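Note sheet for the following structure.
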Amino acid sequence: MSQLEPFPPAPSEVGPVLTRMRAFRSLWPAADGVAVFNRVYLTVTEEIDRRIGAGEFADRRAAATLDVRFAERYLAAVDAVAAGGRPPACWRPLFQYRRHPGVRPLQFALAGINAHIGHDLALAVVDTCRTLGCEPADVEGEFDRVGDILTLLEERIREELMPGPDLLEVADPLTHLLGCWSLERARDGAWLAARSLWQLHRLGGRFPELAEEFTERLDRSVGLVGRMLLTPLPVGAQSSGSSTGAISS
């Protein structure tokens, strides 16, 4: 969406995006890589919605707007694939490898989180600022609060989708691979990217190509990390208990 296009009004609730994510559960097999991420993301979004309702965010309107604009980026990628198109580069590895037998559920989950935080979160901050007519600094508190919730849930995600203790030795390549990615670093990078992109959008009237090039390069670089996270591992090292993942809502 270009700088001159009007933005939709601020959403009043998270419910509609939750409804869409819940509907996906009946569309995809449980072992499908996108379904694995969807279960994880649904859990996160439901938790954020619960905390918004409980008054845990200082600015409820800003929190709901950020959460919805964030979710809309993921939903747009799903819609693009469903329509026979191509999603952003950051999402392509997950959709391409979603049925690969050598990719573990935890890899699918973290590849989706990487795409969504590394690319979508930065753009969602900009979308939120444009929707509310504010600056990134005005939504930094909501950004940090959402990030704190994601961090709390990351440990649960790893515990529930990681192969059991009996497979730790053969799962060493997985442990090494996933140890190379950090949610905290991804969050920090997303905030820096959002601030940079916001400044570039301010110059968009004179240099529109700068914001476009920055966004494109961010998309591609996050996609490269996602492809690394989805490196296929020996099929024999998978356990039946980790084939679909235990995350539920």
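The numbers here are math on the coordinates, done by the rules we state, and not lab data. If you're wondering where the values come from, they're calculated on a predicted model, not measured in any experiment. Methodologically, a virtual Cβ is constructed for each residue, glycine included, from the backbone with ideal geometry; neighbour enumeration extends over all protein chains shown.
With r defined as the distance between the Cβ atoms of Ala137 and Leu203 and R0 fixed at 22 Å, what FRET efficiency is calculated, to the nearest 0.05? Between Ala137 and Leu203 the formula returns 0.75.
Multiplying the residue separation of Thr19 and Gln96 by 0.36 nm and removing their Cα-Cα distance gives an extension gain of 25.2 nm. Placing dummy labels 7 Å off each Cα toward the beta-carbon, the span from Asp148 to Glu47 is 1.3 nm. Charge tally around Ala124: other residues with Cβ under 13 Å, Lys/Arg +1 each, Asp/Glu -1 each, net -1. Counted residue by residue at 0.36 nm each, then reduced by the alpha carbon distance between them, the extension gain from Glu56 to Arg158 reaches 34.2 nm. Of Leu132, Leu94, Leu192, the sequence from fewest to most neighbouring Cβ atoms within 10 angstrom is Leu192, Leu132, Leu94.
Which log10 I(q)/I(0) values, to two decimals, does segment 36-191 give at q = 0.09, 0.14, 0.19, 0.21 Å⁻¹ under the Debye formula with one point per Cα? Log10 of I(q)/I(0), two decimals: -0.31, -0.73, -1.23, -1.42. Protection proxy ranking of 77-84, 106-113, by the mean of other Cβ atoms within 10 Å over each peptide's residues and highest first, is 106-113, 77-84.
Take the Cα of Ala82, step 7 Å toward its Cβ, do the same at Glu216, and the gap between the two points is 2.9 nm. Counting charges near Leu110 (Lys, Arg +1; Asp, Glu -1) among other residues having Cβ under 15 Å from its Cβ returns a value of +2.
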